[in-house]
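Please read the structure below before turning to the comments.
The values are calculated or read from the model by the stated rules, or taken from the named source; none is laboratory data. Just so you know, these numbers come straight off a predicted model, no measurement behind them. Cβ: placed from backbone, ideal geometry, glycine included. Neighbour counts: every protein chain shown. Remember, those area values only see protein heavy atoms, side chains included, never the ligands or the DNA or RNA. Shrake-Rupley method; radii C 1.70, N 1.55, O 1.52, S 1.80 Å.
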Amino acid sequence: MLHYLFFFNKTKQSQSSPPFFFSFSNPDFYKPLGSLTNLHKIGFTASGRYFWSNSSERLMVSLGTQGVVFLLAIVSLATCAQYSEARVKPENGVKSMVYLSPKITLHPGSVSNKTYYDIEFPKGHIAVKSFNAEVVDEAGNPVSLQQTYVHHWVAVRYYQRTGVKDDRIIAGNAGLCDHGRSQFFGMGSETRKTSTYVPDPYGIEVGNPLNVPAGYEEKWMFDIHAIDTRGAVDAIGCNECRCDLYNVTKDKDGLPLRPNYVGGLHCCYDGTQCKVKNGFKSVERNVYFKYTVKWVDWSDSVVPVKVFIFDVTDTWQDTGIHNCLFEYDVEKSATNNYTNVRKSSVSFPTAGDVIYGFAQQYIGGIGSALYGEDGSVICASKPIYGKGKDIGDEAGYIVGMSTCYPKPGSVKIAKGETVTLESYYSSKKRHTGVLGLFYILVAESS
């Protein structure tokens, strides 16, 4: 068990702020259990994780019977500014918290695609206002997409039976796929420059105790898919999960790939290796998924919105079943028309106002649009491609997606209305394992 000795200076603590402690039951997580007052930042866990605060006190940490001693350091305020503060920061009624995922260990060409249960997330009955994220290194510095490509990440809510590890119920979004696509939040390489803010008076309701089954707790999990392309022979090919670059002939379950399967998720699963240049030095590194959640406490003044995700591979129009295939290939055009269009139509299950929307695409995407039954545009979203070498502007990578914020009440969807999603990709070259998603937030009609 870990033991902690806190040494405070004589600065008087705010009477409104209880002491702050850490829990290290999992050495790859920090778990703030109270509010932060005058405790300064600190040192490392066994896995190299950092912890910090906002003043210049000292902290001593010792390991009991394990006999391991941590080297402790006082970190200057300037250094701390690179990291998230382990406390809630309210601003105009909106609270904010920055968290880190467990460490993700990578080496050149490697793939990490793991599920992390019971991630840190704000507690209580709240309305989420935004969920922003990026990949950082051990020093808290942002990592370039040219080194670590974020193929995708999703945050999924679930209910965990108290005291039973493997008894979970997925408490997903409002639809539409019958299996999968249950996330509330999720993106890929476009994470840094895609707005996620939910405008007032709206919010995504979570933590309502009335919705949690008896004997269960509400929790959150991540699925994070990262590809290390340092030294890659073909970085874009690695990101598109081309099977020849991974030398893969079987999927993660050991089953042979389809004869015509040339690229996609079945070739870049956790532990696979993309081809790197001969002689390139393999240096292992640890990165983290840093995510910032903003929220307000739930009240009658908040108008709830529901999360809907459209998938252009949804087969509903042909089968009457929301069987989402998740990915598809774009073949190189044999003509001078270099725009590949894929369409999918569904019947919308409820009625309401569209408050926000954006599309998700991979490299090669040139835009997407959601249409109402009368052909009117509900929302159109285009990728933002980087043009340079700076982090957040990596040339050739989608670094953001445009978003829609319709004036409340101006864009409506009727219950049972046929809604069509169109996803556009460039077909000047072949693209494997692409996707076409569209997220919208809807305030249901009363």
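Okay, here's what the table says:
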quantity: Selection from the range 148-177 of residues that are among the acidic types (Asp, Glu) and at pLDDT 95 or above; calculated: Asp167
quantity: Number of the exception - Gly172 against (1) among the small types (Gly, Ala, Ser); (2) in contact with a strand residue (DSSP E or B) (Cβ under 6 Å, 6 or more places away or on another chain); (3) more than 23 Å from Gly386 (Cα to Cα); calculated: (2)
quantity: Complete set of residues in the range 154-173 that are crowded, with 18+ Cβ neighbours inside 10 Å and within 18 Å of the chain's Cα centre (by Cα); calculated: Val154, Ala155, Val156, Arg157, Tyr158, Ala171, Asn173
quantity: Residue within the range 307-318 that is more than 26 Å from the chain's Cα centre (by Cα), at pLDDT 95 or above and open to solvent by 10 Å² or more (accessible area, probe 1.4 Å) present; calculated: yes
quantity: Entirely in the range 290-350, the strands (runs of 3 or more DSSP E) that have 2 or more residues that are under 25 Å from Arg242 (Cβ atoms); calculated: 328-330, 339-347
quantity: Pair list, Cβ under 6 Å, 6 or more apart: the range 210-237 residue more than 30 Å from Asp167 (Cβ to Cβ), other residue aromatic (Phe, Trp, Tyr); calculated: Ile227/Tyr149; Thr229/Tyr149; Gly231/Phe280
quantity: Check on Met187, among the hydrophobic types (A, V, I, L, M, F, W, C), buried (at least 23 other Cβ atoms within 10 Å of the Cβ), closer than 22 Å to Tyr116 by Cα and out of contact with any Gly (no Cβ under 9 Å at 6 or more places or on another chain); calculated: yes
quantity: Single residue of Asp118, Asp137 found to be among the charged types (D, E, K, R) and farther than 27 Å from Gly396 by Cβ; calculated: Asp118
quantity: Some residue of the range 248-265 being under 26 Å from Val143 (Cα atoms), part of a loop (DSSP other than H, G, I, E, B) and touching a residue at least 60 places away in the same chain (Cβ under 8 Å); calculated: yes
quantity: Lone unmet requirement of (1) open to solvent by less than 10 Å² (accessible area, probe 1.4 Å); (2) polar (S, T, N, Q); (3) assigned to a loop (DSSP other than H, G, I, E, B) for Ser410; calculated: (1)
quantity: Matching residues in the range 347-374 - criterion: being in contact with a strand residue (DSSP E or B) (Cβ under 9 Å, 6 or more places away or on another chain), open to solvent by 50 Å² or more (accessible area, probe 1.4 Å) and not aliphatic (A, V, I, L, M); calculated: Pro349, Tyr371, Glu373
quantity: Selection count where residues are open to solvent by 20 Å² or more (accessible area, probe 1.4 Å) and assigned to a helix (DSSP H, G or I), scope the range 199-243; calculated: 5
quantity: Residues of the range 271-302 that turn out to be hydrophobic (A, V, I, L, M, F, W, C), open to solvent by 10 Å² or more (accessible area, probe 1.4 Å) and either at pLDDT below 95 or under 24 Å from the mean Cα position of the chain (by Cα) (or both), as a count; calculated: 3
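Each row is one residue, and each column tells you yes or no for (1) closer than 20 Å to Val305 by Cα; (2) without any contact (Cβ under 8 Å) to a residue 24 or more places away in the chain; (3) touching a Phe, Trp or Tyr at 6+ places or on another chain (Cβ under 7 Å); (4) assigned to a strand (DSSP E or B).
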{"residue": "Tyr356", "(1), (2), (3), (4)": "yes, no, yes, yes"}
{"residue": "Ser368", "(1), (2), (3), (4)": "no, no, yes, yes"}
{"residue": "Asp374", "(1), (2), (3), (4)": "no, yes, no, no"}
{"residue": "Asp390", "(1), (2), (3), (4)": "no, yes, no, no"}
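Each row is one residue, and each column tells you yes or no for (1) part of a loop (DSSP other than H, G, I, E, B); (2) within 27 Å of Gln317 (Cβ to Cβ).
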site: Asn132; (1), (2): no, no
site: Val136; (1), (2): no, no
site: Tyr149; (1), (2): no, no
site: Cys177; (1), (2): yes, yes
site: Gly180; (1), (2): yes, yes
site: Gly186; (1), (2): no, yes
